[in-house]
Amino acid sequence: MKGVKNKMVVFAAVTVGGVIGLLKGEEAKQKWVFRLKSKYDNRRQMAERKSIARKGGVLLDDIELAAYHNN
């Protein structure tokens, strides 16, 4: 179900972005698609962090995550 939802969001972003690209230009399309994807990713990350916190997990900040994944 999550995969279908992700595909629908990406499809909607690309479709609406294409219309915006036709009307306002390619740069406006890229800005709009980037803004939409960023908002969606932020919401997903916040939900994931809340889920980890509810399960009693330890929340790491960005620096700790980067250090963990580099090792």
Segment 49-71 - residue that is within 22 Å of residue 2 (Cβ to Cβ), open to solvent by less than 100 Å² (accessible area, probe 1.4 Å) and part of a helix (DSSP H, G or I) and, of those, modelled with the lowest pLDDT
65
Here is a list of conditions, (1) modelled with pLDDT under 85; (2) surrounded by fewer than 12 Cβ atoms within 10 Å (Cβ to Cβ), and residue 43 meets all of them except one; can you say which number that is?
(1)
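The values are calculated or read from the model by the stated rules, or taken from the named source; none is laboratory data. Quick caveat, the model's predicted, so the values are computed rather than measured. In this analysis, Cβ positions are derived from the backbone assuming ideal geometry, glycine residues included, and neighbour counts consider all displayed protein chains. Each accessible area value is taken on the protein alone, full model and side chains, heavy atoms only, with ligands, DNA and RNA left out. Shrake-Rupley method; radii C 1.70, N 1.55, O 1.52, S 1.80 Å.
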